[in-house]
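*Asks:* For reference, the structure I am asking about is given below.
None of the figures in this text is laboratory data; all of them are computed from the coordinates on show. What you see is a predicted model; the values in this text were computed from it and never measured. Heads up, the Cβs are rebuilt from the backbone with ideal geometry, glycines too, and the neighbour counts pull from every protein chain shown.
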Amino acid sequence: MPRWIRATNNKHCPVCNGKSWCSWSDNGSLRYVTCMRNSLGAVKSFVPNNMSATAYLHIIGDGESKPYTQVLKQTNIASIERRHRVYGELLKLSLSAFHKAYLFERGWSIKELDEVQYVSFPETHVRNELVSNLAESTKLEGIPGFFIDTTNTWRFVGGDGILLPVRDEQNHVTGFQINTQDAILRYYRSGKLDVDKTTAYPKYIWLSSAPVIVDKGVSGYIKRKTGVGAEVRPHFSGFSKPEDEFDFVHVKEVIITEGILKADRIRFSTGIPTIGQPGVGVGNNIIAKFVADANAVIVAYDADWRKNDHVKLAMGRLLTELSSLHGNDGLFVAVWDEEFGKGLDDVLQNGFYEQVTFAMAKDWLNEHGVCK
Ligand SMILES: [Zn+2]
């Protein structure tokens, strides 16, 4: 087991340079950093066991462990409009037969896949051709996933798996999460979707070209200096149709869950537009503003809030924030027994529609809420 080092006055966080709160693994090499401040470049966001705030997992260069005092300076991230234009080109890629088969098995139809526009992370030759075409016609600076290499050539990096577009309130593609190939292969090996806690690889990572520190003993260097990390932002699924892309529709009913793919799946199973947080608590304020006038708001976090106090705490915070702008009328928590499925997507997939009940958020907070 690696040792975990906490940031102190003497040892600053290698990601944000902070003197407290963050921590990192130290088993001879510096690799995993749990930064509490900087989401840019993180591969994953989550709520650590002993905290209620969101942490960002960064995987950084290998080599000797030493406390870094430098802050990684990054190129500014491109505006959402510019990202949407470039990412629109990625949506023209296709889903591999293997990924299609995987998604069909998990209940997706062709029509649904056409609408969400999932694509497979392209193979090297496709990627190189795509990026050289793009670089000729478009400015790629500040677009997560792209960077200029040491030969002055634009590159596109990510990871094998399915690219899941993360959309904003107006259907712009703001970024991508990648459902990793490792997790998909594991599903076929074990039939289980949940990657257990001891597994080193994540199920979802952000498409990112964030700079990384590669530490070679005394002479460390920064790889991908011109790259940029992802913006960790909630995903809005089904709020406007692709054909009237930027035509904002008044939100009548809305579901809030955790997960990008999960939000898309729930949206299709229920017909209700769904917001997916890429980690509990991420973007609570954006969401609270967006749903303030909705007739009904349903929070549907995974059923494990019953045994995970940190998820419960995060849920309490979300509900409190929602109720402050929306009011308690029409604010609900979807409740079901875990034996019917962990996530609402599983429950609906398994046909247990009638097992889902709706508690008034006010009552849920009275019973389970910690912060008021
Ligand atoms: Zn930090």
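*Asks:* Having 2 or more residues that are touching a helix residue (DSSP H, G or I) at 6+ places or on another chain (Cβ under 8 Å), buried (at least 20 other Cβ atoms within 10 Å of the Cβ) and not small (G, A, S) is the bar; report the strands (runs of 3 or more DSSP E) wholly within the stretch 296-372 that clear it. Let's see the steps before the verdict.
*Replies:* Working: elements: 296-299, 331-335, 357-360.
Here the list reads 296-299, 331-335.
*Asks:* Determine which single condition Y102 fails, assuming it passes every other condition in (1) farther than 22 Å from K262 by Cβ; (2) outside any strand (DSSP E or B); (3) not charged (D, E, K, R).
*Replies:* Looking at each condition in turn, Y102 falls short on (1).
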